[in-house]
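This report refers to the structure that appears directly beneath it.
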Amino acid sequence: MARERMLAVVLVGLMLVVIPTSATEGENLSLDLTFDEVPTNGWFSSSDVVKVSASLVNNGDATTIDTDPSCGQFLQIFQNDVMIFDGSIACNAQSRGMNIASGSTTQFPQLTWDLFDDDGQLVSPGTYIVEYVIAGEEITNRMEINIQTPLSVPEGFELESTINSRGSGSPAILTLRALNTLGVEMDFTLEKCLINIDGILYGECFDGATLAPHEIRLIRHIPLKLTAGSHQLEVALGDGLLSRTIEYTMESSTLGVSNGDLSQAIIDIDIDDADLSFGEDQVMSSTVRVSNLGASDIILDFSDTCRGEMWVIDEAGQIVMDSRLVKTCDEMDLQYLIAPEQSRTFSQPDWAFTNLEGCLVSPGTLTLIAEIPEHGLFGMEEIELERAQGIACGQSSLSLSQIQSSNQDQLEVDLELTSLEATDLTWMSACGIEYIFSGPQGEITRSLSECGKSSSLNQRVGPSIQLDRIDFDMTGFEDGDYTIEITSNSEPKFFSVQTFSWPIEQIEAEETTTEVEEEENIVESRIIEGVWSSITTDDGLCWLLTSPDEGLTTLSNPSQSWSPQAGFQGKYLVKSSAKSTECSAFDASSFEVEQVISELAPAPVEEDEEIIQNEPIAEDSAVLNPVVITVGAVVVSTGILSLLVAVIAGNETWRIPITSAGLWFLGLIGRTSETSDGRYQRGRLMGYLTANPGCHFRGLMAALEMSNGQITHHLKVLAEEEIIWRRADGRLVRFYPFTSNIHPGIDEEDLPLPPLSPDPNSLQGKILRLLDDDGQLEDYPTQAELANRLERSQQLVSHHLRTLQKFGLVEKRKIGLKNRYLLTKEATFLLESTEL
């Protein structure tokens, strides 16, 4: 791995190269060159003049050289071995002898060059050779210089900069990106231009020569070593092009004690994947290594357990991973001795390419920074992340507006993607949008648009970008309502459903744009899929939708024409809305349903299964069995008691206390008191969590055979009494008993291993069953094949596969060119010993 501790390509001293190309008396004569008035930053700009002085040194006997008095001395300038300036045009091929005494030094006049070529044009940026020539004898020497002259960029080209760091023990990473603000392609070049930071030259400005409309592209990540405190950095391209000032405050940190030459300590990152390229279903395993390349020992003192760490920034310069955020840096005095040609390694946590918010990281170039924070040592490495599927995580500010028009039997739809704030959009595939066109009889056709884009193209949306027009041939279609469902394959992912009535009334496009844009700016619509359930709270009935993409969500206000039903599964066009009073106790997002796209009733259940819907959650009450009533009537021999029991059974407020008292007289109190309220169910719940800490919501429902409403209520009561606590684990929420050994302050790695949900309807259970069935046929599916068969997104299936791998139930094996999945022995044993 290339060493990154030299922070800049600093051209100081101008890289003097002494090459005497001619002498009359062997090698005793040498021509020494000196640049006069060298710019302080070590390179020449358009306002500078190159001034060169020369002296001829004779280290041998006295001699005579031949000179040309018509021109004396002159300069020649070369770029890439091509002469661009020739000062010999004044020479007339005259000859005159010049005596050079033994041991003498002869001074020659200073020559200048104004950075213009023979055609009178200011030279372009780059590296040049300046050759000083003594005419006649042709005694020469040359030196190399770097020149940065002004460049021009197209109108609409902008430079964006971001700086990030982890403190004064870490480097500050400056991210520079090129932005095309126009809706047309931009062709240009900045060849040989170097990045200028406070007068110091770094890497090349821009490698590419073409920017797509609204494209934003990474130029490079530049490490800077800054001291603690406030800094003002002047950043420009070459000779002041697009100059800007960046203000940044570096946080202070205490450096540790060390002995030895730290300049010989090299930081490397060892990554399992040798080609440094990763796909969406892969996990990166890495190790930070510090090596001693010197001849003496290096001793490093540490004061805590965070000794060798790593953090990652994306193309936008944002920190997307930091190993210190998944561990605690406990105080601990340690000393490491690294002998010459020896090294020390620090293992890093496996990374599944999720950011600090738990969302998948966008594809592109990721820069890894490995460091020894207490000693200011660091190294860098770049990896490439590729994704084929769009990412839907959190809320996006993107929205679609439309202009619909018709030309006889042709429907034309122009779409504009808008955002109230600047949003970077990454396209995942060559065709970025899928359209599903539906009519009164259902789906009509599907089509793709936004094709021809390069993979992982980044575009800036803000305030808007125009998308490709789509056309539909409406010949022969009946009048009525039609729908266009739009889904992007991008990050962030956006959805929209455009509805219209055919035929369309002809209206001016400008008015249509304004009207639709005003409507779209009010609220953003999206598509959500999930299964309905309900729960009765103190304020009334709350409807819950469990979605594989958004988790638990609540319904704000059912419409008059439609209301949800428990167990129904569907796809809905929704918009975010304020939370209803009935659902105010839930920490979840809320929405209104604008349109029901599709809906399925639950499959019939077996007769011995009981469906509990809309049950009151205040207390769990046992429904009296008629046999019990009959036995009570026989024993007591009175019809009055039977009548009384019947009346009491219809009244919830009387039933609980009077039933307990009546049954006490019957000698049955011991059997029914445990179920007379929720304490019995909560006791079952606590007993199961004590034996299986870390079980998630669906696992508890399946194991205890409780309904969604029951389990939600009892978990809420136990949490409010601080008997249990919960922790997010990806898309799951895991529950733990509150004990001295298991509490919210414990490190994640110290938590007991969560049990696998025995629910055969869970996605993990279905994955295990598919892998078991395929394994018996010696057929091992890929992640994409599993997602297709389960009809779930690859992102969701990838998450559960990683979870199953973490628990040692599934292993990934490369067979041929693809990664395939199979069960471990432990998973096979689990399947054989359970009813999954």
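Summary table
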{"quantity": "Evaluated at q = 0.12 Å⁻¹: base-10 log I(q)/I(0), Debye formula over Cα of segment 110-168", "calculated": "-0.56"}
{"quantity": "GluC sites (Glu not before Pro) restricted to segment 41-150 and DSSP loop, no more than 16 other C-beta within 10 Å", "calculated": "E138"}
{"quantity": "Total charge dipole magnitude, segment 263-418, about the Cα centre, Cβ charges on Lys, Arg, Asp, Glu only, Debye to nearest 20", "calculated": "320"}
{"quantity": "Accessible-area order (highest first, 1.4 angstrom probe) of the listed residues S161, S124, S170", "calculated": "S124, S161, S170"}
{"quantity": "For segment 717-722, 3J(HN,Hα) per residue [Karplus equation, 6.51 cos²θ - 1.76 cosθ + 1.60, θ = phi - 60°, Hz, x = Gly/Pro]", "calculated": "5, 5, 5, 5, 7, 6"}
{"quantity": "Range of Cα positions in segment 118-227 per principal axis (Å), largest first", "calculated": "59, 44, 17"}
{"quantity": "Ranking by accessible area, most exposed first, for V361, V733 with a 1.4 Å probe", "calculated": "V733, V361"}
{"quantity": "Trypsin sites (Lys or Arg not before Pro) restricted to segment 279-360 and DSSP loop, no more than 16 other C-beta within 10 Å", "calculated": "K327"}
{"quantity": "Local electrostatic count at L151 - Lys and Arg +1, Asp and Glu -1, tallied over other residues with Cβ under 11 Å", "calculated": "-1"}
{"quantity": "Spatially proximal lysines relative to K716 (Cα-Cα < 19 Å; intrachain offsets below 8 disregarded)", "calculated": "K579"}
{"quantity": "Shape category assigned to segment 307-350 from the gyration tensor of Cα positions, a/c cut at 1.5", "calculated": "oblate"}
{"quantity": "Global geometry of segment 307-398, whether rounded, prolate or oblate, following the gyration tensor of its Cα atoms and the 1.5 cut on a/c", "calculated": "prolate"}
{"quantity": "Neighbour net charge for L600 - beta-carbon separation under 14 angstrom, K R +1, D E -1", "calculated": "-2"}
{"quantity": "Solvent exposure, largest accessible area first (probe 1.4 Å, DNA, RNA and ligands not counted), of R734, R802", "calculated": "R802, R734"}
{"quantity": "Low-density loop cleavage sites - GluC sites (Glu not before Pro) in segment 167-208, where at most 16 other Cβ are within 10 Å (DSSP)", "calculated": "E185, E191"}
{"quantity": "Around Q73: net Lys/Arg minus Asp/Glu count, Cβ-Cβ under 14 Å", "calculated": "-4"}
{"quantity": "Reachable lysines from K575, criterion Cα separation under 25 angstrom, eight or more residues apart if same chain", "calculated": "K493"}
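The values are calculated or read from the model by the stated rules, or taken from the named source; none is laboratory data. This one's a predicted model, so the numbers in the text were calculated from it and none came from an experiment. Note that each Cβ is placed from the backbone with ideal geometry, even for glycine, and that neighbours are counted across all protein chains shown. Accessible surface areas use protein heavy atoms only, side chains included; no ligands, DNA or RNA. Shrake-Rupley method; radii C 1.70, N 1.55, O 1.52, S 1.80 Å.
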